[in-house]
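*Asks:* Input: one structure, supplied below.
Coordinate-derived values only; no laboratory data. Computed from a prediction, not measured in an experiment: that's the story for all the values here. Using ideal geometry, Cβ is built from the backbone for each residue, glycine included, and neighbour counts are taken over all protein chains shown.
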């Protein structure tokens, strides 16, 4: 018995029915804009929306979309953690990140978590559609600049690339730094991440050491400045 190649089967499916897309973003206005953009494509449809990770995971299981577009900052936690969960629990779903966060810091993290592409929210709307099509075709989608950075590092292991101290942080440490920068207390961070306050205190100590900061106040100032920079960045 000869089976149909996976790529051919996927292509046949895409030509016979619209690509089903799940939108995961905590801004309703942005979801509405994305939905309008996607619905203009004759071979695509938005099958559902979610503003938080828990809802997104439930809807992904219920609706079985071909692809989910995921922001990295969600109401109840980290888009990176959601991507890891979706990749683990629903291996057939394709994942495209659409985020304001600095691609230099977050794109590789997103790919390691299970995403197949990364589009910055400052990019033109056409890039989102291009990203969807590239990811569904089985290719990785990044900006030319980010792809060059990754290839440069692979080809020349001794090359010294400009790296922010933040790049040395783990995904969870980075998440805690961002929440500190948004003004959350240790208790609030612990509740949002479903961790103990002692664990958050440990992450704070790791952050101070890795970022070469001496006091809790220095950490807060650094976190606020970095978070505001992420929100204002158009790079």
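*Asks:* Tell me whether the stretch 84-134 comes out rounded, prolate or oblate; compute the Cα gyration tensor, take square roots of the eigenvalues as a ≥ b ≥ c, and use a/c under 1.5 as the rounded threshold.
*Replies:* Here the stretch 84-134 falls in the oblate category.
*Asks:* Using the Cα gyration tensor of the stretch 175-235, with a ≥ b ≥ c the square roots of its eigenvalues, what is the shape: rounded (a/c below 1.5), prolate (a/b larger than b/c) or oblate (neither)?
*Replies:* Taking the square roots of the gyration eigenvalues as a ≥ b ≥ c, the stretch 175-235 is oblate.
*Asks:* Sort 30-39, 111-120 by packing, meaning the average of other beta carbons within 10 Å per residue, with the highest value first.
*Replies:* Packing order, densest peptide first, comes out as 111-120, 30-39.
*Asks:* Assign one of three labels to the stretch 6-151, namely rounded, prolate or oblate, based on the Cα gyration tensor with a ≥ b ≥ c the square roots of its eigenvalues; rounded applies when a/c is under 1.5, prolate when it is not and a/b is larger than b/c, and oblate otherwise.
*Replies:* Rounded, because the longest to shortest axis ratio a/c is under 1.5.
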